[in-house]
Amino acid sequence: MKLHKHSWQLIKYDLALLFVSMSSLLMLVDVRASKFGVREFLLYTAVWGICLLLSRAKFGIYSHIWRYGNAALYLRLMIADTLAGLFAYLYALGTHIPQVLYPSLMDIALFNLLLAIAMRLTYQYLLDNASRQSWKILQSRQLAKTLLNVDIKQENTAKWQRRNAAIVGAGRLGADLMDELLKNPRAIYQPCCFVEVDPEKIGRQINGIRIYSEGDMTAGLAETLSIDTFIFAISDMTVERRKAFYERYRAFGCKLAIYDYPSVEAFRKETRRLRAFDIEDLLFRKPRYIMEGKAESYYRGKTVLITGGGGSIGSELARQIAGMQPESLVLLDIYENATYDIQQELQAAFGANLNLSVEILSICDMGQLDKAFQRIRPDIVFHAAAHKHVPLLEKNVVEAIKNNVFGTLNVADCCEKYEVEKAVMISTDKAVNPTSVMGATKRVCEMIFQSRGDSKTNFCCTRFGNVLGSRGSVVPLFRRQIEKGGPVTITDKRITRYFMTIPEACQLVLQAGALSKAGELYVLDMGQPVKILDLAEALIRLMGHEPYKDIDIVEIGLRPGEKLYEELHIQGEACEKTENDLIYIERDTPKTREEIKEKLALLQAAVNKNENKEAKEALKKTVPSFSGERDAADG
């Protein structure tokens, strides 16, 4: 076994402790009476030392960094020393060492083990409490480097001003967080107390940190303890409990954080993390985990192409698919900056394990798109490329139709031409009874895909509501407005929207892609809609302000194309559950290819004239449910 130079240093210190232990034998017994001379002393010390080092090496004692030593490692040390002591004792039995010394030899072996444990625990403690400048006690810099694999001077060069944190939850998760914060000399938080509801734990301590009852934790006590942040460390928090915590502790004027697993683990094996109370938590609903193992395995070994691969949905699809061991993954987008970012992220995360490539081109350019499909020959296509900003598209109708409708037509034609196994289009709830140009164009895209039920390619669509954190969504806008001191602008205080996280949205798309049949349209059960006013108020509080006092909220009226309430289903169309209770299939009556061809010809004629007004009228004829004139009164 090859040992690091620090391991050899540790061996030297252990041998020194062994010599100290054996020397104490001379103080415990009458050496002359026992006839235990210098020769016997040195010989037994050498034999015992060899047994000790060989046993410890066998159990990996010198291959570990003791800076991170845990109970299991200390147990290894105890077992190794027990076996070493046994071999040394057997040697004593076979030599002329007097029997009167046998009990003393056992005592010395135990004493040596205690010294070894104490030395390691002492330096672990000193490191864990480096913020209290315990390093000044250390006399040997080299010894610290040996045991802890850290340079004292380097650790002391930075002085960290820690913030007092109260850990809500004194269970295993809370204790793990406390231990992590105490052991990390660069942690920004210093645990000062626990808050708990279990009467069996209240009033006790964990490693010297007191546990208070939730009833005793008041704003006054928080001020007395100089609490900067409350960190929730409770596994499997219910929606109601999370909301109660948020409402209670935000009133103290302190920051809020959560220590838990990521909201949706999806396919990347992430560990626990300490994070700010996030926007997902403002919805006060538990994010849904939709994917199943059967669906995940569908993408293994496949060539997957994502249009709009640099966008919010496209990039998250890429992250999740990259962890499913595809044959190759291709990101296609016209915007190179965002696509470059996700390319670099995936290359850093997966390296040579992922066959990743990027195509920079527009889906409106049929010539280049055809060449890309011919070269790539994808098995699965996710069509996420689209113009999506509602107000902007109201004034750019021709461009909306070119990109969203005819770009989608180009993708569909290429999928059929090169016999793609499955094509999945990402749609939106704004396509249901659309009041906007964007919603109307996406409804046409749905009809294009649904009309191809007779194709060798399996075409399907997915429809969901607003995605938290996506580019252009309301949350980043609110954040910017709050950072500038307000006001926060909302279109109407009555307005509601369905929300979901980006990982949830992508799981829906992936599930549909794995399990769909030709022409199906999948809809996610998104729970209850959220009032935008409630979202704005909660976000203001989350960022440390008080609504209407520090930051005002101003109503500016609905913008062109907006409506008060979004819908997920077309009225009159039947929906049925799939094998996944969170996903529905909308049984829409699809248009025929001929009907779609006529509608597209109407749109193409309007686009050729390059007049927004005529293009919008053509959209109204193409999508009868699109009036383009709804206002707040219509809802």
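Looking only at segment 273-323, residues that are assigned to a helix (DSSP H, G or I), of a type in the set (D, E, K, R) and at pLDDT below 85 come to 4 in all. Residues that are over 19 Å from Glu419 (Cα atoms) and buried (at least 20 other Cβ atoms within 10 Å of the Cβ) within segment 297-315 comprise Gly308, Gly309, Gly310, Gly311, Ser312, Ile313, Gly314, Ser315, listed in sequence order.
The residues listed here are Lys388, Lys430; of these, the one that is among the charged types (D, E, K, R), under 33 Å from the mean Cα position of the chain (by Cα) and closer than 17 Å to Asp333 by Cβ is Lys388.
Pick from segment 172-189 the residues that are touching a helix residue (DSSP H, G or I) at 6+ places or on another chain (Cβ under 7 Å) and of a type outside the set (Lys, Arg): which of them is farthest from Tyr259 (Cα to Cα)? This residue is Pro185. Filtering segment 431-458 to residues that are in contact with an Asp or Glu (Cβ under 7 Å, 6 or more places away or on another chain) and part of a helix (DSSP H, G or I) leaves Ala431, Val437, Gln450.
Can we say Thr457 is touching a helix residue (DSSP H, G or I) at 6+ places or on another chain (Cβ under 8 Å) and surrounded by 22 or more Cβ atoms within 10 Å (Cβ to Cβ)? Against the criterion (touching a helix residue (DSSP H, G or I) at 6+ places or on another chain (Cβ under 8 Å) and surrounded by 22 or more Cβ atoms within 10 Å (Cβ to Cβ)), Thr457 does not qualify.
So which of Gln325, Gln343 ends up being farther than 17 Å from Met425 by Cα, assigned by TED's automatic domain parsing to the domain that holds Lys417 and buried (at least 19 other Cβ atoms within 10 Å of the Cβ)? When all the criteria are applied, what remains is Gln343.
With respect to (1) at pLDDT 70 or above; (2) more than 39 Å from the chain's Cα centre (by Cα); (3) among the small types (Gly, Ala, Ser), the lone exception for Gly69 is condition (2).
Selection of segment 197-253 for residues being hydroxyl-bearing (Ser, Thr, Tyr) and in contact with a Leu (Cβ under 9 Å, 6 or more places away or on another chain) yields Tyr212, Thr229, Ser235, Tyr246, Tyr249. Here Leu392 fulfils each of the conditions (1) touching a helix residue (DSSP H, G or I) at 6+ places or on another chain (Cβ under 6 Å); (2) within 30 Å of Gly557 (Cβ to Cβ); (3) not charged (D, E, K, R) apart from (1).
Of the residues Ile211, Ile227, Ile231, Ile202, the single one that is surrounded by 11 or more Cβ atoms within 10 Å (Cβ to Cβ) and free of Cβ contacts under 8 Å to residues at least 40 places away in the same chain is Ile202. Elements of the type helices (runs of 4 or more DSSP H) sitting completely within segment 97-215 and holding at least 3 residues that are closer than 30 Å to Ala16 by Cα and modelled with pLDDT of 75 or more: these cover 102-128. Going residue by residue through segment 355-377, is there one that turns out to be in contact (Cβ under 8 Å) with a residue 60 or more places away in the chain and loosely packed, with under 15 Cβ neighbours inside 10 Å? Yes, segment 355-377 contains at least one residue that is in contact (Cβ under 8 Å) with a residue 60 or more places away in the chain and loosely packed, with under 15 Cβ neighbours inside 10 Å.
For segment 478-492, does any single residue satisfy the condition of being modelled with pLDDT under 80 and not in a loop (DSSP other than H, G, I, E, B)? Looking through segment 478-492, none of the residues is modelled with pLDDT under 80 and not in a loop (DSSP other than H, G, I, E, B).
The values are calculated or read from the model by the stated rules, or taken from the named source; none is laboratory data. In this text the structure is predicted, and so the values were computed from the model without any measurement. Every residue, glycine as well, gets a Cβ built from its backbone with ideal geometry; the counts of neighbours run over all protein chains shown.
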